[in-house]
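To start, the structure under review is shown below, and the notes come after it.
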C-alpha cells in the first residue's frame, strides 16, 4: 500500500481506515486531515495514524488522496490542495455523493487521475456496496489501488458510463433507506395486529438480513428464491398478489427514477459553486 491521505475524518473515513488496517495496511502509511480537535484525537487514539488539522499537512507526501467530505465542502478545500495536487499528481479518490469527474477537475485542476465513488452507509459495518468510475488518466494499477481501498468496506463494482453513477446512487447509495422503510412498515403492521413492538422489529429485521444473506451467499437469482418460498395458494402468494395489485414494481421504478433525477439536480446545483 502506498501512502494514503484522507481529507475528512468522519464515519465513512473511519470505516475505510479500520477496514484497511484489518487487511494488514500499516498505520504509518495512512494520514487524515480532520478540523475538529476531538474527532482528530479519537482517530489517532483508535487507529494509531497521523492526524492533522490542516489538509496540506496530511496530503503532503501522499500518493493517493481520498476526499471524504460533503459535496458542498469541495470548493472550499480546493484552495488548500489544488497547488499541491498539481505538483505531485497523486491519485484522487472522491466519495462525495453526486460530485462529477468534471467538477473535481474544475476544482482541483486538470491532468489528475480521478476516481469517483458512491459508497453506502452499510460500509460503516463492512457490508457496503460501492460503485466506482474513473477518468481516462487512471492507470490499471491505480484502479486496483482504488478498488483495494473501497473493498475494505464491502463490495465494489466499476461503472464504465459515469452518467449511470446517478443510477448507482439511487440503487445502492439510497437503497438502505428503502429497506429501513420496509422494516418500519412491516413492524407497524405486525404491531397493529397485536405483536409486541420489540418482537415485530426483531423478526422483520432478521428476515431482511436472512433474505439478503441468501441472495449474496447463495448466488441464486432473486426470482428463483422468491418462487421457492411461494407455495401455490399459500400465504406468501396472497401477499405477493397484493403487492402486484398495488403496483409494487411500478412503485419501485418511480422511486428509483425520482432518486436518479434528484442526483442529476444536485450535481447541477454544484455547478453553481465557485
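Any read-out appearing in this document is the output of simple, stated calculations on the displayed coordinates, not a laboratory observation. As the structure is a prediction and not an experimental result, all values here were calculated from the model. Neighbour counts run over all protein chains shown; Cβ positions are idealised from the backbone, glycine included.
Side notes on the structure shown:
- Segment 153-223 versus segment 1-39: alpha-carbon centroid distance in Å: 28 Å
- Counting neighbouring beta carbons within 10 Å and listing from fewest to most, the residues 241, 162 come out as 241, 162.
- Cβ-Cβ distance of residue 164 and residue 227, R₀ of 30 Å, FRET efficiency by 1/(1 + (r/R0)^6): the value works out to about 0.55.
- Cα long-axis angle, helix 140-151 against the chain (0 to 90 degrees, to the nearest 10): 50 degrees
- Antiparallel bridges, percent of DSSP beta bridges restricted to the chain (to nearest 5): 15 percent
- Gyration tensor verdict on segment 17-107 (Cα atoms; rounded if a/c is under 1.5, prolate if a/b is larger than b/c, oblate otherwise): prolate
- Mean separation of Cα contacts under 8 Å (6+ apart) over length of the chain, as relative contact order %: 15 percent
- Overall Cα dimensions of the chain - principal axes, largest extent first, Å: 68, 38, 32
- Taking 171, 36, 215 as the candidate residues, the one with maximal mean-square fluctuation in a Gaussian network model of the chain, Cα springs under 10 Å, is 215.
- In plain terms, the residue of 108, 179 with the fewest other Cβ atoms within 10 Å comes first and the most crowded comes last, giving 179, 108.
- Ordering 65, 77, 49 by the number of other Cβ atoms within 10 Å of each residue's own Cβ, fewest first, gives 77, 49, 65.
- Prolate/oblate/rounded call for segment 1-156, Cα gyration tensor, a/c under 1.5 rounded: rounded
- Of the Cα atoms belonging to segment 173-267, the radius of gyration and Dmax stand at 15.5, 48 Å.
- Folded to 0 to 90 degrees: helix 175-192 orientation relative to the chain principal axis, Cα: 30 degrees
- Most mobile of 121, 29, 199 in a GNM of the chain (Cα contacts under 10 Å): 199
- Relative to the longest principal axis of the Cα atoms of the chain, the long axis of helix 74-88 lies at roughly 50 degrees.
- Ordered from longest to shortest, the equivalent ellipsoid semi-axes for segment 77-177 are 23, 14, 13 Å, each the square root of 5 times a Cα gyration tensor eigenvalue.
- P(r), alpha carbons of segment 123-210 - 10 Å bins starting at zero, rounded %: 16, 33, 25, 16, 9, 2
- DSSP-defined antiparallel bridges as percent of all bridges, segment 4-167, nearest 5: 15 percent
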